[in-house]
Amino acid sequence: MRIGVLDIGSNSVLLLIGERTPSGWRVLTDQTRITRLGEGFGVAKRLQLEAVQRTLRAIDEYLAECRAWQAERIVAAATAVVREASNANAILQPLRERLPPHAEIRVLSEQEEATLSYLSVALDDTLGIGAERLAVIDIGGGSVEVAVGQGAQREVWRSFPVGAGRVREQYMPSDPPHPREVLAATRALDEAFAPLRELPQPDRVVSIGGTGVNLAVLALGLTAFAPARVHGVWFGDETPAALLERLLRLSDAERRTLPGIEPDRAPLLHVGALILERALFALRREEVQISTRGLRYGILWTL
């Protein structure tokens, strides 16, 4: 059986197509498009027409991929920005019209999002986690999910409405950001992440999502975006701090020219780096491991 999973996020839309084999799942394709569905979401929590249209164009391309790969089942999962939108049908209705009859649409709850993100790491044999107490950080455009557990058992989770897109719009709109804005964002993140300091200290922290992947590309000095080369990479506290300091000095246009990164992630990469730094601080860990996988894998592996 071949299954396509669409992950519709606040900043990006991802496609994973997997094939079930006697030895487990085989990945046929794993793709990302940055569509900024949460752009202009604001306090009114309304999806903007242009952002919806960008996202639907990416979904149309993905559905063509599903047909080309002869996917027998499609699961479309939407996260924070759709979950909270006052006009969620602006994306859900045209999505229903595009999907084949056998497809499934899930608007994930905060708990489901955190659990699937956790499982995408805990069930990943390539990371060799074993019985360690694990914390998984998923930095999205609209929210940040943190889940802690051991093995495949997710024990506690937290969801924070401080995704990179929201923090950029609310606290760091200048280009490049003013030091006062960075300070305000840092204070807001530390306040939001305060509950993490009450959790048992994890043995290992893994970051999933585009922020960690692009930071790892920069840290390794890669000249082309190569996710496969950064999966499982570790870096210590000094590395994200140094990258953050560098990114905060640059404008969006300058960040866009950095070798190796996804250019369309440039407007949020410095914000994501700040979020990762403050989350690690709250979890009382100095090292973080990078996973290129995310909740789409959690969905596939639990089907």
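Some points to look at:
- Selected from Ala253, Ala273, Ala282 as most flexible by GNM, with the chain as the system and alpha-carbon contacts under 10 Å: Ala253
- Virtual spin-label span in nm between Ser86 and Arg180, 7 Å along Cα→Cβ: 2.9
- The range 59-206, relative contact order in percent, only Cα pairs under 8 angstrom and at least six apart counted: 19
- Cβ-based net charge around Ser86, under 15 Å, with every Lys or Arg adding one and every Asp or Glu removing one: +2
- Extension gain, Arg26 to Gln70, is 14.4 nm, computed as 0.36 nm per intervening residue step minus the present C-alpha separation.
- With R₀ fixed at 35 Å, the C-beta to C-beta distance from Gln170 to Asp125 puts the FRET efficiency at about 0.35.
- Three-way shape label, the range 18-64, alpha-carbon gyration tensor, a/c 1.5: prolate
- Computed from the alpha carbon atoms alone, the convex hull of the range 1-99 holds 82 Å³ per residue.
- Relative contact order (percent, whole number), the range 1-115, Cα cutoff 8 Å, 6+ residue spacing: 28
- Accessible-area order (highest first, 1.4 angstrom probe) of the listed residues Val81, Val43: Val43, Val81
- For the chain, the fraction of 1.4 Å probe accessible surface lying on carbon and sulfur atoms is 49 percent.
- Put a dot 7 Å past the Cα of Gln111, heading toward its Cβ, do the same for Thr302, and the two dots end up 1.1 nm apart.
- Ranked order, Trp69, Trp234, Trp25 - accessible area, probe 1.4 Å, largest first: Trp234, Trp69, Trp25
- Phe41 contributes an accessible area of around 20 Å² to the protein surface, as traced by a 1.4 Å probe with all chains present.
- Whole-angstrom Cα spans of the range 128-273 along principal axes, big to small: 43, 34, 24
- Evaluating 6.51 cos²θ - 1.76 cosθ + 1.60 at θ = phi - 60° for every residue in the range 288-303, the Karplus couplings come out as 9, 9, 9, 10, 7, 9, x, 4, 4, 6, x, 5, 4, 6, 9, 7 Hz, glycine and proline recorded as x.
- Neighbourhood net charge (11 Å Cβ-Cβ; Lys/Arg +1, Asp/Glu -1) for Val167: +1
- Direction-averaged projected area, Cα convex hull, the range 61-120: 4.8 nm², rounded to one decimal.
- Å² per residue, accessible surface of the range 201-255 at 1.4 Å: 43
- Taking the centroid of alpha carbons for each part, the range 146-178 and the range 227-297 are 13 Å apart.
- Rg over Rh for the chain works out to 0.94, both radii taken from alpha-carbon positions and Rh defined as the Kirkwood radius.
- Amide H contacts of Ile105 (H built 1.01 Å from N, under 5 Å, at least 5 apart or other chain): Ala76
- GNM top mover of His231, His102, His270 - the chain, alpha-carbon springs below 10 Å: His102
- Remark: the range 75-91, residue by residue, has Karplus-estimated 3J(HN,Hα) of 10, 10, 10, 10, 10, 3, 5, 7, 4, 9, 5, 6, 10, 4, 5, 4, 9 Hz, where x stands for each Gly or Pro and the curve is 6.51 cos²θ - 1.76 cosθ + 1.60 at θ = phi - 60°.
- Selection among Ser12, Val271, His178 by position relative to the dipole of the chain gives Ser12 as farthest towards the positive end (Cβ unit charges, Cα centre).
The values are calculated or read from the model by the stated rules, or taken from the named source; none is laboratory data. A quick note: this is a predicted structure, and the numbers were derived from the prediction, not measured. Here Cβ is always computed from backbone atoms with ideal geometry, including for glycine, and neighbour counts include all displayed protein chains. Note: areas computed on protein heavy atoms with side chains; ligands, DNA, RNA excluded. Shrake-Rupley method; radii C 1.70, N 1.55, O 1.52, S 1.80 Å.
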